[in-house]
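Read through the structure below, which is laid out as structure tokens, and then see the notes.
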Amino acid sequence: MYESSSVGELASKLRQELDRYSPGEKLPSSRALIERFRVSPVTVSRALAQLAAEGLVTTRPGAGAYRAEPPAAARVTGDTSWQEVALSADGAADLVPRTVDASGVLATLAAPPPGVVEFNGGYLHPSLQPEQAMAAALARAGRRPGAWGRPPIEGLPELREWFARDIGGAVTAAEVLVTAGGQSALTTALRALAPPGAPVLVESPTYPGLLAIARSAGLRPVPVPVDAHGVRPALLADAFRATGARVLVSQPLFQNPTGAVLAPERRPEVLRIARAAGAFVIEDDVVRRLVHEDAGPLPSPLAADDPDGVVVHVGSLTKATSASFRVCALTARGPVLERLRAIQVVDTFFVPRPLQEAALELVGSPAWPRHLRSVAAELKNRRDTMTAALRLHLPELALPHVPSGGYHLWLRLPDGTDETALASAALRAGVAVTPGRPYFSAEPPAPHIRLSFAAVAGPAEITEGVRRLRAAWAETRGENRSTSQGPDANLPA
Ligand SMILES: Cc1ncc(COP(=O)(O)O)c(C=O)c1O
């Protein structure tokens, strides 16, 4: 055996035995170790030196080796309280203090406890994901020549081409940047278009992840109300006038959370109002592929009909695949494209090439249109199941709009309902729901909850979830507790 390996072996044996000695206690002499382990004196002294270098042993020349004292408690625990001062002083000089708060996003990302029905999920249940097609695409992508090489910064040309075709109109591949998911595209777009402290117009209610991005960038979200036909043009014009904002973030299709689709007559109006204000419209179009089977033809993205470069379009593959399939496109026309590209490169360089290759393989495979058709059928079925169960068991909760796309329902609660108390009672009853408050950037006009039907295993779980919500509702209203029933342990998590 080589000397170096016997040193390592002896050190490892001694390391395992160290617990037998108290801190500060003397270890067996070198002579005893030589005899016991049948190694040379050099091996013993090198093994002890190695343990001394690891801080496990101290050696005193002429006296022997001792088990080292553990590091002082103060050094282990440390005192990080200075950070409280440092982190709160952070925004002292900012016009609009930055607030970094992920709770609105985590509500839809976090997995609920086992046995709890997940009415708060933001992505498809694994049984609805194209798992086999994604696995096959990833395997084929891995075998493509140069799969692990650096991609072009803006994304693979064929993938940019595909995203451009998908938007339609006069959009070209040169106007597309591939980014890592809608969240990062929205972050890039807001950082590119609004300096810290600036107002940014957002729909009210809107996706809490967008509000989180704005606040963490030191922007001031200004709400513009949405009705059943999308953002309200007269109020939009007022908001631009009152704030001087240069950006609106809008979801014209299957708005999160209301499910509204921007009415045909409002589409040109929104663009005209933004253009007159010298402002950009960030079009968040990430749920386009979660259309329900009975939806009829979809309106094209605003970006398809925008020669002047008002619209910065965000389209993503995650919602129709999996939260981990983080491939998205940010599309814009004119000088703003260079700004977006620079921010994206500074922040993240580029999207990993294997994932881009896999995206190309996936959307080009015959499994892709099949998958979209089956998701459309399944989402319609689930939406109808949830709507029927709510109408039957919880007629007190108003459902102002039954959407034809997206993955959730938005329910208005009676005035005075404590939506947080309802969400807590629901969790106790075994169903996780999302309270409405985080969807509003200012005071909400009424209490709401959002119920997702995509993240659960199937219609049976939807019915069971609504039954549990009924129990929670009864509890918060102080109704007969005997109707209340706890989680069903047999239900899938
Ligand atoms: C409206 C909206 N935009 C963007 C996102 C972020 O999606 P992605 O997974 O593509 O980052 C979400 C996620 O829930 C969303 O609801």
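The values are calculated or read from the model by the stated rules, or taken from the named source; none is laboratory data. Since we're looking at a predicted model, the values are computed, not measured. For neighbour counting, all protein chains shown are included, and Cβ atoms are generated from backbone atoms with ideal geometry for every residue, glycine included.
Report whether or not L211 is touching a Phe, Trp or Tyr at 6+ places or on another chain (Cβ under 9 Å) and not assigned by TED's automatic domain parsing to the domain that holds H401. Spell out the reasoning first.
Numbers: touching a Phe, Trp or Tyr at 6+ places or on another chain (Cβ under 9 Å): yes; not assigned by TED's automatic domain parsing to the domain that holds H401: yes.
Considered against the rule, which asks whether it is touching a Phe, Trp or Tyr at 6+ places or on another chain (Cβ under 9 Å) and not assigned by TED's automatic domain parsing to the domain that holds H401, L211 comes out as yes.
Of all residues in segment 406-447 being part of a helix (DSSP H, G or I) and hydrophobic (A, V, I, L, M, F, W, C), which is farthest from G209 (Cα to Cα)? Spell out the reasoning first.
Applying the first criterion (part of a helix (DSSP H, G or I)) to segment 406-447 yields 419-429, 437-439.
Applying the additional criterion that residues be hydrophobic (A, V, I, L, M, F, W, C) yields 421-423, 425-427, 429.
Numbers: A421: 23, L422: 22, A423: 19, A425: 25, A426: 23, L427: 22, A429: 27 Å.
Of everything passing the filter in segment 406-447, A429 is farthest from G209 (Cα to Cα).
Which of the residues spanning segment 190-237 are under 23 Å from the mean Cα position of the chain (by Cα), among the basic types (K, R) and either away from the ligand (no atom under 16 Å from the Cβ) or closer than 23 Å to S404 by Cα (or both)?
R220, the sole residue that qualifies.
Can you tell which of G182, G169, G197, G149 is at pLDDT 95 or above and assigned by TED's automatic domain parsing to the domain that holds R241?
On the way: G169 fails: at pLDDT 95 or above; G197 fails: at pLDDT 95 or above; G149 fails: at pLDDT 95 or above.
Exactly one residue qualifies, and that residue is G182.
With respect to the numbered conditions (1) away from the ligand (no atom under 16 Å from the Cβ); (2) closer than 30 Å to M386 by Cβ; (3) in contact (Cβ under 8 Å) with a residue 40 or more places away in the chain, which one is the sole condition not fulfilled by T318?
So the condition that T318 fails would be (1).
Considering only segment 103-115, I want to know if a residue exists there that is hydrophobic (A, V, I, L, M, F, W, C), over 25 Å from the mean Cα position of the chain (by Cα), in a helix (DSSP H, G or I) and modelled with pLDDT under 95.
As a first pass, look at segment 103-115 and keep what is hydrophobic (A, V, I, L, M, F, W, C): 105-107, 109-111.
Still in the list and also over 25 Å from the mean Cα position of the chain (by Cα): none.
Looking for residues that are hydrophobic (A, V, I, L, M, F, W, C), over 25 Å from the mean Cα position of the chain (by Cα), in a helix (DSSP H, G or I) and modelled with pLDDT under 95, one finds none in segment 103-115, hence no.
Look at segment 168-183 and say how many of its residues are touching a residue at least 12 places away in the same chain (Cβ under 8 Å), more than 16 Å from the ligand (Cβ to nearest atom) and within 15 Å of V311 (Cβ to Cβ). If you could, list the steps in order and put the result at the bottom.
Of segment 168-183, the ones touching a residue at least 12 places away in the same chain (Cβ under 8 Å) are 168-171, 173-183.
The next check asks that each one be more than 16 Å from the ligand (Cβ to nearest atom); those that pass are 168-171, 173-175.
Of the ones still in play, those that are also within 15 Å of V311 (Cβ to Cβ) are 168-171, 175.
Of the residues in segment 168-183, 5 are touching a residue at least 12 places away in the same chain (Cβ under 8 Å), more than 16 Å from the ligand (Cβ to nearest atom) and within 15 Å of V311 (Cβ to Cβ).
Failed condition for A135, given (1) outside any loop (DSSP other than H, G, I, E, B); (2) in contact (Cβ under 8 Å) with a residue 24 or more places away in the chain; (3) under 19 Å from S324 (Cα atoms), with all others met?
(2)
Any idea which residue in segment 336-370 is surrounded by the fewest Cβ atoms within 10 Å (Cβ to Cβ), counting only those that are of a type in the set (D, E) and either farther than 23 Å from R275 by Cβ or touching a residue at least 40 places away in the same chain (Cβ under 8 Å) (or both)?
Of the residues in segment 336-370, the ones of a type in the set (D, E) are 338, 347, 357, 361.
From the residues that got through so far, the ones that are either farther than 23 Å from R275 by Cβ or touching a residue at least 40 places away in the same chain (Cβ under 8 Å) (or both) too are 347, 357, 361.
Working: D347: 13, E357: 24, E361: 21.
By that ranking, first place goes to D347.
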